[in-house]
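The values are calculated or read from the model by the stated rules, or taken from the named source; none is laboratory data. Keep in mind that what you see is a predicted model, and the values were worked out from it rather than measured. Methodologically, a virtual Cβ is constructed for each residue, glycine included, from the backbone with ideal geometry; neighbour enumeration extends over all protein chains shown. Note: accessible area is taken over every heavy atom of the protein model, side chains too, but ligands, DNA and RNA are not part of it. Shrake-Rupley method; radii C 1.70, N 1.55, O 1.52, S 1.80 Å.
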Amino acid sequence: MPYKRITLSHYLIEEQRRRAGTGTFTSLVTDILTACKMISHEVNRGALAGNLGVAGSENIQGEEQKKLDVLANDIFLYMNAQGGTYAAMASEELEDVHAVRGAVGGRYLLLFDPLDGSSNIDVNISVGSIFSILALPEGADASQPEAFLQPGVKQVAAGYALYGSSTMLVLTTGNGVNGFTLDQNIGMFMLTHPNMTIPEDTKEFAINASRQRFWEPPVARYVEECQAGKDGPAGKDFNMRWVASMVAEVHRILCRGGVFLYPVDAENRSKGGKLRLMYEANPMAFIIEQAGGLATTGRQRIMDLQPEALHQRVPVILGSKNEVERIDRYHHEFDAAKVTA
């Protein structure tokens with residue numbers, strides 16, 4: 001029965017008990033939930049509230065900001081400063097760390113991409129928010145980027161909100177992955193997708209095919225084999241997907257399997273890749289691994305990377321275990337052949 005579903009609030013309380021904590025963890029996530037509900041409301045209002053279109057500014061990444069990018073960033077900063085549990089925050093939209101005023105006892109750090117896939121906003125395709133929670137290292141200055149430069153394995157929790165036909169929040173605290181759907185009538189997230197797991201095999205892959213001319217040979221090899229179908233080396237027919245929203249791509253993989261690739265290529269190599277390690281790759285890698293999948297750069301596990309900069313970019317290949325292992329193998333074979341050539 002619907003009224004017997006577990007609310008996200010009850011789930012957080014159970015997690016708090018499991019951790020033998022004092023209530024801080026519940027507060028950490030509750031402020032994020034409120035921010036996500038507010039952003040969902042603004043996304044749904046769209047043109048009715050004048051939320052569509054560009055803001056006339058660029059973010060630190062040099063990307064043109066949409067009005068909802070700016071609004072979502074402001075909501076995240078404001079709402080997550082209220083509880084006093086975060087000492088500082090870092091956003092994909094801001095150049096510097098945002099220290100939380102008055103957070104004397106704040107022992108955690110929040111990283112977030114306030115609105116992933118914002119190129120889809122004006123055409124009413126799914127977008128989302130991504131977040132990652134870290135503990136503030138002992139003796140570290142929360143106002144400095146160095147406090148945030150921790151490998152993904154140090155994450156306390158990570159998740160994303162998907163603003164689609166329904167609003168969902170997917171969360172991991174290192175104890176599996178659970179999905180919650182927002183009941184708009186009562187304003188609460190309800191557990192609808194418990195213990196989400198990714199099938200080890202898949203017949204779907206997602207990649208931006210317009211960048212084919214820039215791909216490395218291992219990526220080109222993999223895609224060609226998928227396109228060859230059941231008569232090729234893969235021995236099965238594949239479907240290709242591309243939404244241009246990492247949240248939407250990862251959510252599909254969590255629900256039915258698949259593999260997502262945004263690899264390093266000849267055009268983005270000088271930047272290190274396309275996606276941001278701290279705001280996108282690490283939190284999504286944490287979620288994917290907790291659901292039984294794998295997340296790599298093609299050459300190294302993403303969550304083992306030691307961050308060097310707040311806005312560092314990396315290649316990202318994640319999803320169903322057997323496909324990611326195959327892509328990894330192609331990269332290692334390619335690199336070995338170059339060494340022996």
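Could you grab me the full set of residues in region 123-132 that are in contact (Cβ under 8 Å) with a residue 40 or more places away in the chain, surrounded by fewer than 24 Cβ atoms within 10 Å (Cβ to Cβ) and among the β-branched types (Val, Ile, Thr)?
Within region 123-132, the first condition is being in contact (Cβ under 8 Å) with a residue 40 or more places away in the chain, and the residues that meet it are 124-132.
From the residues that got through so far, the ones that are surrounded by fewer than 24 Cβ atoms within 10 Å (Cβ to Cβ) too are 124-126.
Listed by number, the list holds a single entry, 125.
Output the qualifying pairs, or none if there are none: Cβ atoms under 8 angstrom, residues six or more apart or on different chains, first residue in region 213-224 and touching a residue at least 24 places away in the same chain (Cβ under 8 Å) and open to solvent by 10 Å² or more (accessible area, probe 1.4 Å), second residue of a type in the set (D, E, K, R) and part of a loop (DSSP other than H, G, I, E, B).
Correct list of pairs: 214/265; 214/267; 215/265; 216/265.
Just wondering, is there one or more residues in region 289-300 that are outside any helix (DSSP H, G or I), touching a residue at least 60 places away in the same chain (Cβ under 8 Å) and closer than 27 Å to residue 89 by Cα?
yes
Cβ-Cβ under 6 Å, sequence separation 6+ or interchain: first residue in region 227-254 and under 30 Å from residue 158 (Cβ atoms) and open to solvent by less than 40 Å² (accessible area, probe 1.4 Å), partner modelled with pLDDT under 95 and in a helix (DSSP H, G or I). Which pairs?
245/120
Quick check on residue 149: is it within 21 Å of residue 27 (Cα to Cα), surrounded by 15 or more Cβ atoms within 10 Å (Cβ to Cβ) and under 20 Å from the mean Cα position of the chain (by Cα)? Steps first, please.
Working: within 21 Å of residue 27 (Cα to Cα): no; surrounded by 15 or more Cβ atoms within 10 Å (Cβ to Cβ): yes; under 20 Å from the mean Cα position of the chain (by Cα): yes.
The answer is no for residue 149.
Just to be sure I understand the filter: pairs with C-beta atoms under 8 Å, separated by 6 or more residues or on different chains, first member in region 171-188 and on the phi > 0 side of the Ramachandran plot, second member open to solvent by 30 Å² or more (accessible area, probe 1.4 Å) and of a type in the set (S, T, N, Q). Which pairs pass?
Close Cβ pairs (under 8 Å, with a partner that is open to solvent by 30 Å² or more (accessible area, probe 1.4 Å) and of a type in the set (S, T, N, Q)) amount to 174/290; 176/195; 176/290.
Could you check, for region 182-191, whether at least one of its residues is among the β-branched types (Val, Ile, Thr) and surrounded by 15 or more Cβ atoms within 10 Å (Cβ to Cβ)? Break it down into steps so the answer makes sense when it comes.
From region 182-191, those among the β-branched types (Val, Ile, Thr) are 186; that's our starting set.
After this cut, where a residue has to be surrounded by 15 or more Cβ atoms within 10 Å (Cβ to Cβ) as well, the list is none.
The answer is no, given that none of the residues of region 182-191 is among the β-branched types (Val, Ile, Thr) and surrounded by 15 or more Cβ atoms within 10 Å (Cβ to Cβ).
Under 8 Å between Cβ atoms, at least 6 apart or on separate chains: pull out the pairs that start in region 95-122 with a residue that is modelled with pLDDT of 80 or more and end on any residue that is assigned to a loop (DSSP other than H, G, I, E, B) and open to solvent by 60 Å² or more (accessible area, probe 1.4 Å).
95/60; 97/144; 117/125
Among the residues in region 210-224, are any among the hydrophobic types (A, V, I, L, M, F, W, C), in contact with a strand residue (DSSP E or B) (Cβ under 8 Å, 6 or more places away or on another chain) and closer than 28 Å to residue 306 by Cα?
Residues of region 210-224 that are among the hydrophobic types (A, V, I, L, M, F, W, C), as a first pass: 214-215, 219-220, 223.
This time we only want the ones that are in contact with a strand residue (DSSP E or B) (Cβ under 8 Å, 6 or more places away or on another chain), so: 219, 223.
If we keep only those that are closer than 28 Å to residue 306 by Cα too, we end up with 219.
Within region 210-224, one or more residues are among the hydrophobic types (A, V, I, L, M, F, W, C), in contact with a strand residue (DSSP E or B) (Cβ under 8 Å, 6 or more places away or on another chain) and closer than 28 Å to residue 306 by Cα.
Could you tell me whether any residue of region 143-153 is among the charged types (D, E, K, R) and under 18 Å from residue 295 (Cα atoms)? Don't jump to the end; show me each part of the working.
Narrowing region 143-153 to residues among the charged types (D, E, K, R): 146.
Cutting the leftovers down to under 18 Å from residue 295 (Cα atoms) gives us none.
Looking for residues that are among the charged types (D, E, K, R) and under 18 Å from residue 295 (Cα atoms), one finds none in region 143-153, hence no.
Kindly provide the set of residues from region 310-330 that are farther than 17 Å from residue 273 by Cβ and either without any contact (Cβ under 8 Å) to a residue 40 or more places away in the chain or hydroxyl-bearing (Ser, Thr, Tyr) (or both), ordered by number.
320, 325, 329, 330
Does region 154-177 hold any residues that are of a type outside the set (Gly, Ala, Ser) and touching a Ser or Thr at 6+ places or on another chain (Cβ under 9 Å), and which are they?
Listed by number, the residues that qualify are 155, 156, 160, 162, 163, 167, 168, 169, 177.
For region 322-335, does any single residue satisfy the condition of being buried (at least 24 other Cβ atoms within 10 Å of the Cβ) and closer than 30 Å to residue 147 by Cα?
no
Looking only at residues in region 67-84 that are under 15 Å from residue 28 (Cβ atoms) and within 22 Å of the chain's Cα centre (by Cα), which one is modelled with the highest pLDDT? Break it down stepwise before answering.
To start, the set of residues in region 67-84 that are under 15 Å from residue 28 (Cβ atoms) comprises 76, 79-84.
Among the residues that remain, those that are also within 22 Å of the chain's Cα centre (by Cα) are: 76, 79-81.
Working: 76: 95, 79: 92, 80: 92, 81: 89.
For region 67-84, the residue satisfying everything is 76.
Among the residues of region 120-151, count how many are out of contact with any strand residue (DSSP E or B) (no Cβ under 8 Å at 6 or more places or on another chain) and not hydrophobic (A, V, I, L, M, F, W, C).
Residues flagged as out of contact with any strand residue (DSSP E or B) (no Cβ under 8 Å at 6 or more places or on another chain) and not hydrophobic (A, V, I, L, M, F, W, C) within region 120-151 amount to 8.
Mind checking whether some residue in region 274-289 is of a type outside the set (Phe, Trp, Tyr), open to solvent by 10 Å² or more (accessible area, probe 1.4 Å) and out of contact with any strand residue (DSSP E or B) (no Cβ under 8 Å at 6 or more places or on another chain)?
No.
Report the residue count in region 175-194 for those that are out of contact with any strand residue (DSSP E or B) (no Cβ under 7 Å at 6 or more places or on another chain) and either at pLDDT 95 or above or among the aromatic types (Phe, Trp, Tyr) (or both). Walk me through how you get there before you give the answer.
Applying the first criterion (out of contact with any strand residue (DSSP E or B) (no Cβ under 7 Å at 6 or more places or on another chain)) to region 175-194 yields 175-176, 184-187.
Narrowing further to those that are either at pLDDT 95 or above or among the aromatic types (Phe, Trp, Tyr) (or both): 176.
Final tally of qualifying residues: 1.
Taking residue 16 and the conditions (1) at pLDDT 60 or above; (2) out of contact with any Ser or Thr (no Cβ under 8 Å at 6 or more places or on another chain), which numbered condition does it fall short on, given that it satisfies the others?
(2) is the only condition that residue 16 fails.
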